[in-house]
Amino acid sequence: MRLAQKKQLLSLMREYEEAHTELENLYQKGDLEACCELLTTCQDTAVVIGEQIEEAEGSGTQTVQQIEEYCEDLYEGHHAVVAQDPGRVLHSFSKLCTRWKEVEKTFQEEIQVILEIVFLPYKASMWDSMESIYLAAKADPSCHAVVLPIPYYDRNSVHELATKHDETNLFPSYIGCKSCEEYDLQVEQPDIIYIHNPYDGGNVVTSIDPRFYSNVLKNECTKLVYVPYYVSAGGIHSFQLDYRAYSFVDYVIAQSFHLLPYFSTMIRKEQFIVTGSPKFDQILAVCNAPAKMPEAWKERAGGKKLFFYNTSLEEAFLHREGLLRKLEYVFHHFKDREDLCLLWRPHPLLEATFSSVLPDLSRKYLAIKERFIQDDYGIYDDTESPEQTIVLADAYLGGWTSSLATTFGITGR
């Protein structure tokens, strides 16, 4: 049974104490008609409670059996009132109180709560920030975990929503994703929703579907939890302190206690759940499994030291055309090396960033990318998850503030 439903039924059950007291008062006043009406109301409500329990738990629960016995006691009490037999009435009313306390106790002990936990990732390549939480919830018999990949849009040069993307089919098959169009959050009202996109409408490059902005989700669940996609080597960028979702989430998963002071003016300390980053869980899990290099990479990488080259969005925003010159410089120096192979993994949203924010440089970036691939400068990595690539690489090349740099460091290289 869902937590909200159990709380609702328990609240309803606790109203019976007042009803039983009122029964005695009405009888003492001689208002037999009102007394019989209240007995009928108790009966009708008990039937509804029993039906809801059976709908959630199936037949055969001890709680429903006791409710049926309580209803028989109500019937007996009704007859005693009509017969105006004071001894039978007082005995019946006392029995009703005792029986209903047994119903409450059994309900509390027998009916187990199942938490409905929904994960709302948008890019498959960012699923690593949620996976270990999902796997823990999936393995917990007291949880029902649901993954609903949500659509997102690239923004055009005037920041309007443009190309729509749905990456549901790119998630690992063992996840068992469901369609967000077939799961009504407003109706289901999950106990917990996890998100990893905190921007709402504040990202100039992309936007998730506005139906899934945090201010909307806040009204469609009991607790809204933000899991950062980034990991830190010890500091926080200023832009990471001003996400719109901070105003609506109930909790934030934190990588370390050392990061909490950065957020002291935006998020209360008690809102943080310090468990480490799921991204670290993911890279450690991959490190403990045999490394698998894609067949298409083997000939190009064979026998060479593999350099993981990471280009971030921060570099594009800060250096603009300088990043393009840097790409050409790095590619040139790796192109004909017999001992080294460059494995280039641009940020998944880098191309969209040039298109939306730096449209005057977009064509040049695409030409550089095309030349890298066509002229066989190295390996172009557009796989959905970076962890396997990190494990395969011998060295990291790129900005030290990037989450990938921190993740790479976890491997000990």
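Every number here is computed from the coordinates shown, using simple stated rules; none is lab data. The model shown is predicted, which means the values in this text are computed figures rather than measured ones. Reconstructed Cβ throughout: ideal geometry from the backbone, glycine too, with neighbour counts over all protein chains shown.
Of note:
- Evaluated at q = 0.20 Å⁻¹: base-10 log I(q)/I(0), Debye formula over Cα of segment 316-392: -0.95
- Assuming charge only on the beta carbon of Lys and Arg (+1) and of Asp and Glu (-1), the dipole of segment 132-206 about its Cα centre is about 220 debye to the nearest 20.
- The separation of segment 319-336 from segment 1-73, counted between C-alpha centres, amounts to 74 Å.
- Sorted by Cβ density within 10 Å, fewest first, the residues 362, 277: 362, 277
- Note on segment 115-284: with charges restricted to the Cβ of Lys and Arg (+1) and Asp and Glu (-1), its dipole about the Cα centre is near 460 debye.
- With both residues required to sit in the chain, DSSP beta bridges show an antiparallel share near 15%.
- With both labels modelled 7 Å from their Cα along Cα-to-Cβ, the residue 112 to residue 139 distance reads 1.7 nm.
- Linear extension gain, residue 159 paired with residue 363, 0.36 nm per residue minus alpha-carbon span: 71.6 nm
- The charge dipole of the chain, taken about its Cα centre with unit charges on the Cβ of Lys, Arg, Asp and Glu (plus for the first two, minus for the last two), comes to roughly 2480 debye.
- Rg to Rh, two decimals, where segment 10-51 supplies the alpha carbon set and Rh follows Kirkwood: 1.02
- Grouping the Cα pair distances of segment 6-161 into 5 Å bins from zero gives a pair-distance distribution of 2, 8, 15, 14, 11, 9, 7, 7, 6, 5, 5, 5, 3, 2, 1, 1, 0 percent in increasing distance order.
- Rounded to the nearest whole angstrom, the semi-axes of the ellipsoid equivalent to segment 115-284, taken from the Cα gyration tensor as √(5λ), stand at 22, 21, 16, largest first.
- Cβ-based charge dipole, segment 290-410, positive-most Cα from 349, 385, 409: 409
- Scanning residues 5 or more positions from residue 208 or on other chains, those with amide H under 5 Å from its amide H are 153, with H placed 1.01 Å from N in the peptide plane.
- 222 nm mean residue ellipticity, helices alone, for the chain (DSSP H n ≥ 4; -39,500 (n - 2.57); rounded to 500): -14500 deg cm²/dmol
- The base-10 log of I(q)/I(0) for segment 265-331, evaluated at q = 0.14 Å⁻¹, reads -0.84 [Debye formula, identical scatterers on Cα atoms, solvent excluded].
- Close amide H pairs (under 5 Å, H built 1.01 Å from N) link residue 150 with 122, residues at least 5 positions away or on another chain.
- Estimated D of the chain in µm² per second, where Rh is the Kirkwood radius over Cα pairs and Stokes-Einstein applies at 20 °C, 1.002 mPa s: 84 µm²/s
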